[in-house]
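Single-structure report; data block below.
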Amino acid sequence: MERTVPFVRGSFFAGESFLDLADAQRRAEIWCLGRAGMRIHGTTQCRPAELFELEEAARLLPAPTEAYDLPTYATAQVHRDHHIEVARACIRCPGTDRHPSRGAGRPPTSEDLRQGAAGQDPSPDATGGRSTDPEDLPSEQTACAMRDRDHLRRLAASHGEAIGVYAAAVLDHPLPWTKMRSVYALLGLVKKWGAVRVEAASRKALDAEAIHVPLIGRMLERGTEDHQPDQPRPPTETNVVTGRFARDPSHFALDDPPRGATGFSPEEKWAASGISRAGSEGGAP
């Protein structure tokens, strides 16, 4: 390594004063092309400016047009959704890679992540973002990772018309991706009980407007998907249940004549009973 700092300090900066940074840069270019570039170098015995034009200029790469991206290396874990987290960003990995951990770099040209898929940027646009390519995912996990609700509707409809309609009703939600697990549970019932029974249970639940997948599971466990409830019969006089301690209606009939119907005064009633009014009020009989 040549000691260029003492040469620049003693030949260019020593004894000089500059107006500002632009003035220093302008005078540095003049010094490089003249004093520093045209001197006879002690090692090469050539002028640096002439040697640069003859041999070194053709070997230089084009000047970069973008800011240099410093790589951040980390040991990342490949998650079940085939993403790794590097620099607080989720980056996709090819579906054939199932290593639990691996060394991963954040540069976009990392062959470690792309496995030969050149020309594609595997990193997200910014920290905290997410980059996902369906080509990197296994076919059985693409719908779940990409939240493809249309694929789930088509998959459910392939088992039966009512199953497809029921799955669409489950996904009819302001946050449909939160109901995707319910559709997977419905498809699991098809795999366990068969499409015919789930079709009948789904049709019965749609008639009752009961959109709840666990209800379908209970119907299949109890075997009530084909059961039709009995229609209630209209009430008649013959099927009225009589109370156990009910009294006869004649028990409540009024046998005594109404008050005042006999034509006797109160004094005459007291005299006919043999009890005086004074005795009844606490006096001597």
Helices (runs of 4 or more DSSP H) within the range 173-285 that include 3 or more residues at pLDDT below 65: 266-273, 277-280
Selected residue (criterion: surrounded by the fewest Cβ atoms within 10 Å (Cβ to Cβ)) from residues of the range 156-200 that are more than 18 Å from Gly223 (Cβ to Cβ) and among the aromatic types (Phe, Trp, Tyr): Trp177
Where a residue in the range 41-52 is in the same structural domain as Trp31 (by TED's automatic domain parsing) and its partner, wherever it lies, is in a helix (DSSP H, G or I), with Cβ under 6 Å and at least six apart: His41/Pro48
Hits in the range 31-89 (condition: part of a helix (DSSP H, G or I), among the aliphatic types (A, V, I, L, M) and within 30 Å of Glu16 (Cα to Cα)): Leu33, Ala36, Ala49, Leu51
Subset of the range 1-40 that is of a type in the set (Phe, Trp, Tyr) and in contact (Cβ under 8 Å) with a residue 24 or more places away in the chain - its residue that is surrounded by the most Cβ atoms within 10 Å (Cβ to Cβ): Phe12
Identity of the residue in the range 41-64, closer than 17 Å to Arg3 by Cβ and either surrounded by 11 or more Cβ atoms within 10 Å (Cβ to Cβ) or within 60 Å of the chain's Cα centre (by Cα) (or both), that ends up modelled with the lowest pLDDT: His41
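The values are calculated or read from the model by the stated rules, or taken from the named source; none is laboratory data. On a predicted model such as this, the values are computed, not experimentally measured, just so you know. No Cβ is skipped: glycine too gets one built from the backbone with ideal geometry, and neighbour counts run over all protein chains shown.
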